[in-house]
Structures are given as C-alpha cells and as structure tokens.
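One structure is given below, encoded as structure tokens.
Quick note: the coordinates plus some simple rules give every number you see, no bench work behind them. Because the structure is predicted, anything quoted here is derived from the model rather than measured. Glycine also receives a Cβ, built like all others from the backbone with ideal geometry; neighbour counts cover every protein chain displayed.
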Amino acid sequence: MQILTTSFFLKLNRIVSFMLLRNVQAITSTTDLSCCLSSVLQQQLHSSLRACCCALKANKNSTSVVDVIACMFLTGAGFYFRVFYIVVLMLVGSACAPVMHKPGPDMQEPSLINDAYRTADGVILPVHHWQSDANVRSVIIALHGFNDYGRFFNDAGEFLADQGIVSYAYDQRGFGDSDQPGLWAGVDAYLEDLRGFVQLIHQKHIGLPIYLLGESMGGAVVLAAVNQAEFPPVAGLILSAPAVWGREVMPWYQRWLLAVSARTVPQMHVTGSGLKITPSDNIDMLRALWEDPLVIKKTRIDSVYGLVNLMDAALQASADVAVPVCLLYGERDQIIPTNAVSTMLESIRAPDLVTTALYANGYHMLLRDLEAKTVWTDIANWIFQPDQPLPSGAEDVASARLFGAR
C-alpha cells in the first residue's frame, strides 16, 4: 500500500520518546541534566505524569512509559514536561543527519532510450507510456505519489489514450524500479528531473499541448517546479490531492517530532500499519499494491523529512502559479488535510486560473478509487473544453461546500 505522510507522526512520537528514554542515561553521565530543572519543574513533571497515567488506564494497549510520554506530548498534559522534553532534544538533536542520495555531476544531455529516461547525471528512470490508435491531441506527464511508482497511472492512462491523450509517467528517483529505492534524492533533484523530462516530451510531440499531472507527492513536485526559471512551457496542471501539507499548516508538535527524528534516527523505518487510515475505497487495488514489490512498504524517517521539505516548497510556490490548474480533491481524503488544500488555494494570486473539483465519495487516491472513471472523464473534458463545467458537477460541489469561503 502507498505509505502516506499522515500515518507517520503518531509512530514518530513513540520512536522519539523511546530514543530519549534509551539515551537519557548516557546524557546525564556527561551533563547534570537534573540541575537544569528546578524542584518546581520536577514537581510539575511528576504531576503531569500522574495525570496522564490516569488518562491511559482505560486503554489496555497503552500502558508503557513510551505511551505515557507520547500522550503527554500530544495532549499537552504538562507544560513543564515539554520544557524537559525540549531540553533533552537540544542535547541529542545533533547526533545524526538525514541521508540524501543526491544526483551526481551532469555528464550528458537528458535523453529517452526505449522505455527509460536517462537523466543528465546518467541515472536511468523507467518510463511508462500509454497511447492508442486515436488521433493524439494532447499529452499528459503524470507524476506518482510517495512510495508509489509510474504504473499508478495505468488505468487512467488507458482511458485517456482512447480520448486522444498520450500519457507518460516515470519512476522518480528512489521509487519503483529506479536506483536506490527508499532513499530520498532531494527536492532539487526531483524538480530538475521533471524539467528535463518535459523538455524531451516537447521535442517528441512538437506543437501538442502538454499538461502536468501530479498525484499527492507528484503534485508537490509539479507545483514546486513549474515556475522555476528555464522550465519548459506547459498548458496546465492537474493536481490530484496534492501534497501541500507543509510545516506552515502542521501542528507544532509534528514539526518538532519530525525535525528531531530526522536528526537522531533518520535511518529508522516506519509504516502506516495499525492506523485506521483509508487511502481508497478500491480494496482490490490496495491489495494489489501491497503485493507489488515495487511499492515501498517501510519508509525511512529521513525520506519523510525530505517529503515535508518538498511540501513546504510546493505550498510556497503555489502562490505564483500562472497556468490553468485543475485541482481534484476527495471529501473523504484522510491523508492531505482540508486546511492544507484550502491554504494553498487561498495563496494563489490568480484564482481565476483554478478549477476546483470536490468529489463527495472520493478518497486520497482519486485516480484509482471505485469511481475513478468520473475523475478521468473530468480530466479529459477540462483539457478539451476548459471553459465548460465539469461533467461530474464536482466543481459546483467544491464551490458550495468546501471552498465557498474563498
């Protein structure tokens, strides 16, 4: 299953708390930490611990000290405990650093070779391609989400091919069948790869309008890249549940947990198992993803950290979007919070360029939900008839229910 950012933070809190418990003895051997806390602070800490323990008694599955600490941090049971927590983090927070598998030096011009994209530094990224015998009228370059890969667009690509739209999707660095799966390559690497690929598709389909489609993390890459200098022109953006959950809209404790975890246990792997998050109502599709060896199931914390950096860049760049945008969002999306999407929309300085569609029965993975064909049809109609209402009526739903406040 596609591992998605929301599922990590509860586990991160448990991981960081466990790390602190494991290391505090070593810390106090060289630093008299207790001297940093006044007797009043210690009393407040013990009081907060007792209060949180009482709150946890009703939950038989949450009785460990780690759970107590996690409870206190997340629920705010004790201000003084947070002070203690932050002091410890300051002592251990510089132990490690996030790992990035950065691109090498440029060796050649990017190129397309058979079913692959060879980047400027020589990395080979698999390319997936959908085209039918129908007259080609437009091109889509589709970017997959976090821990997924280019085949995510298979069903949508086949449908759109019959409408005269040729589609391409490549496995981004660190995902799918690319080199070093599971290692984050850095925001600049993903943006530069997209720039080079768009340029190659322009050369292959001279004169045809090119649209960039991004699902979740792919949407963040698209947003962050499109306004950069020397980026090739595109006709528009299609953003399916874009990952714009940047630090600006995250709770403070999640920002802290991520920063500390990325610098103390960056290589630790986390999963979304045990969390009641439903990314799609298409259960057969989710099972197939779980069985697919190219879909990453366990994610390094430093990769999550890199993803959040990308979401920061995407949220900041969204204000300057200067091409038409079709934003697709599911009302049942449990991955990208509504406030993050609303913040992105409110930041766009040219709101008339944006068509927003809200699908009442849609989940995060709109393009693969049980009602995905409705979304595919809206995409095709938006491309060929941008001035007409979307066939699904999802645009009216969005205006009336979710983003009417704009």
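Brief remarks follow.
- Ordered by the number of other Cβ atoms lying within 10 Å of each residue's own Cβ, fewest first, 184, 290 fall into the sequence 290, 184.
- Shape of the stretch 298-406, Cα gyration tensor, a/c cut at 1.5: oblate
- Selection from 234, 245, 138, by position along the positive dipole direction of the stretch 136-288 (Cβ): 245
- For residue 117, residues with placed amide H under 5 Å, excluding near neighbours: 125, 127
- Surface/4 of the Cα convex hull for the stretch 204-316, nm²: 9.9
- Cubic angstrom per residue, convex hull over Cα atoms of the stretch 246-312: 119
- Proxy reagent accessibility, fewest Cβ within 10 Å first, across 113, 379: 113, 379
- Evaluated with a Cβ-only charge set (Lys, Arg +1; Asp, Glu -1), the stretch 190-312 carries a dipole of roughly 320 debye about its Cα centre, given to the nearest 20.
- Between residue 154 and residue 278, the contour length at 0.36 nm per residue exceeds the alpha carbon distance by 42.5 nm.
- The stretch 193-247: Cα Rg divided by the 2.2 N^0.38 Å rule of thumb: 1.14
- The phi-based Karplus calculation (6.51 cos²θ - 1.76 cosθ + 1.60; θ = phi - 60°) puts the 3J(HN,Hα) values of the stretch 267-277 at 8, 5, 9, 10, 9, x, 5, x, 9, 7, 10 Hz, whole numbers, x for Gly and Pro.
- Cut-off under 5 Å, modelled amide H: who pairs with residue 354 long-range: 325
- Which of 364, 129 has the fewest Cβ neighbours within 10 Å, and the rest in rising order: 129, 364
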